[in-house]
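Here's the structure, in structure tokens; my notes come after.
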Amino acid sequence: MTESAALPERFAIFPLSGALLLPGGRLPLNIFEPRYKAMVEHALGSGRVMGMVLPDPALPRPGGRSGIYRTGCLGRIASFAETGDGRYLITLLGLWRFDVLRELPDDTAGYRRVQADITPYFAIDERRDADEVDRDALLDALWPYFRAKQIEADREAVERIPLSELLTTLCMICPFDDSEKQALLTAPDTRRRAELLTAMLRIDAVPALGGDVGRPLQ
């Protein structure tokens, strides 16, 4: 993971509903709007970092722009490709969570930028905290949830995934709403994130326990 001292205090943000990035996670993105292509180009030339945030529908929309939750995750562009029709395909590697202090004035490129504080999260070791997670409880909640959501997965393969990677991946890919994803992001530590995820899996599995397996897990 990138050293904290090398991380910027100001960077572009990408508000995107349904797209949760967590430290250690990998988020693929399909970039096609001109303003966000400009954002990616700027990031590539300035440390390869940008922030992901979730829109907050409860907030006003000044100038038509979505309000955002105040905690997001800074990511580094780990891969980049340009398609024949001009889109950018990138993968962000999650580095650190951050708190938005203020949005910076608009620039001509049209994407949004913030001044942020990453320091509250430097002391949180995601991999160390994973040792305190109840893996059995998480997996016991996972399979009924997959049946309820008609998600097909290789059980043996899933159960071989290292716990910290499994927890991060499930938080990012499960189809929770934005407020639930934000709650997972802002959990104080990995153990409590796992407890929250386990509870959410159990709740969402209740209406359709025993349902048929359907579409594959992405």
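Quick look at the numbers
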{"item": "Some residue of region 104-116 being farther than 21 Å from residue 190 by Cα and in the same structural domain as residue 183 (by TED's automatic domain parsing)", "result": "no"}
{"item": "Unique residue being assigned to a helix (DSSP H, G or I) and either under 30 Å from residue 98 (Cα atoms) or not basic (Lys, Arg) (or both) when the list is 187, 199", "result": "199"}
{"item": "Candidate set: region 164-184, residues that are over 23 Å from residue 99 (Cβ atoms) and surrounded by fewer than 17 Cβ atoms within 10 Å (Cβ to Cβ); chosen: the one nearest to the chain's Cα centre (by Cα)", "result": "173"}
{"item": "Among residues of region 5-44, those that are of a type in the set (A, V, I, L, M), in a loop (DSSP other than H, G, I, E, B) and under 17 Å from the mean Cα position of the chain (by Cα), counted", "result": "5"}
{"item": "Residue list for region 154-184, filter: assigned to a loop (DSSP other than H, G, I, E, B) and under 13 Å from residue 24 (Cβ atoms)", "result": "161, 162"}
{"item": "Failed criterion for residue 83 (all others in (1) β-branched (Val, Ile, Thr); (2) within 20 Å of the chain's Cα centre (by Cα); (3) modelled with pLDDT of 95 or more hold)", "result": "(2)"}
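The values are calculated or read from the model by the stated rules, or taken from the named source; none is laboratory data. Note that this is a predicted model, so its numbers are computed, not measured. Quick reminder, even Gly has a Cβ in these numbers, built from the backbone with ideal geometry, and neighbours come from all protein chains shown.
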